[in-house]
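Accompanying notes for the structure given below.
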Amino acid sequence: MNLALQKTALFVRDLLTYDESLIKIGRQGDDITDFTTGYIAIDTLGQTQRMATGETFNGSAEIMNYAAQWTSPVTISFYGTGAWQRATDFSILLRSQKSLELQEGLGVAIHKVSGLTDVKMLTGQQYGERYEITMNVQYSTGVNVETLRIDTEQTELITN
């Protein structure tokens, strides 16, 4: 599963102190048919961009770490009664101290909301609330590889 979506879902749950069973990640066959229940759906519909790569070597543990930093466009859909309030509260709370601490703990950067859309109007629904916000999420991935260090080089000079 997409790491950006996992971390964003944990972030949303903790920032809004929200019921985890009402948060849906990605497009994994979950159909939301009850538009009055306060679901939150988190998905990415665009291309994830690599921002940087790097590597570090821990000589005492003999581990080489290869890492990449990514940014991904994320869409969060708020459903049900109070969806507008939850969407706007979320976008405002991104500036809070709690938000900064959660981002640091999860190892993710949640950028400011760049758009808020009333999806109900776009889909022609007359009842129920559905709002969608878009933003960028920045995160890192890495792989550790056991790598022996060279304590002293062994060279042999052969001459004829």
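The values are calculated or read from the model by the stated rules, or taken from the named source; none is laboratory data. None of these values were measured; they are calculated from a predicted model. Because the Cβ atoms are built from the backbone with ideal geometry, glycine has one as well, and the counts that use them run over all protein chains shown. Just the protein is used for accessible areas: all its heavy atoms, side chains included, with ligands, DNA and RNA removed. Shrake-Rupley method; radii C 1.70, N 1.55, O 1.52, S 1.80 Å.
Suppose we filter 146, 129 for residues that are over 19 Å from residue 23 (Cα atoms), acidic (Asp, Glu), at pLDDT below 95 and out of contact with any Cys (no Cβ under 6 Å at 6 or more places or on another chain); which single one remains?
The match here is 146.
Just to be sure, is residue 67 part of a helix (DSSP H, G or I) and either of a type in the set (S, T, N, Q) or touching a residue at least 40 places away in the same chain (Cβ under 8 Å) (or both)?
No.
When the residues of region 1-40 are filtered to those that are of a type in the set (A, V, I, L, M, F, W, C) and either surrounded by fewer than 14 Cβ atoms within 10 Å (Cβ to Cβ) or part of a loop (DSSP other than H, G, I, E, B) (or both), which remaining residue is modelled with the lowest pLDDT?
Top of the filtered list is 32.
When you go through 72, 77 one by one, which is the residue that is under 15 Å from residue 111 (Cα atoms) and among the hydroxyl-bearing types (Ser, Thr, Tyr)?
72
For region 76-108, give me each residue that is open to solvent by 20 Å² or more (accessible area, probe 1.4 Å) and polar (S, T, N, Q).
81, 85, 88, 91, 96, 97, 103
Name the residue that is farthest from residue 17 (Cα to Cα), counting only residues in region 41-55 that are open to solvent by 90 Å² or more (accessible area, probe 1.4 Å) and not basic (Lys, Arg).
Once the filter is applied, the top-ranked residue is 55.
From 82, 124, 107, grab the single residue that is at pLDDT 90 or above and over 17 Å from residue 11 (Cα atoms).
After ruling out the rest, the residue left standing is 82.
Between residues in region 92-115 that are closer than 19 Å to residue 139 by Cβ and residues that are basic (Lys, Arg) and open to solvent by 90 Å² or more (accessible area, probe 1.4 Å), which pairs lie under 7 Å by C-beta distance while being six or more apart or on different chains?
The qualifying pairs are 94/112.
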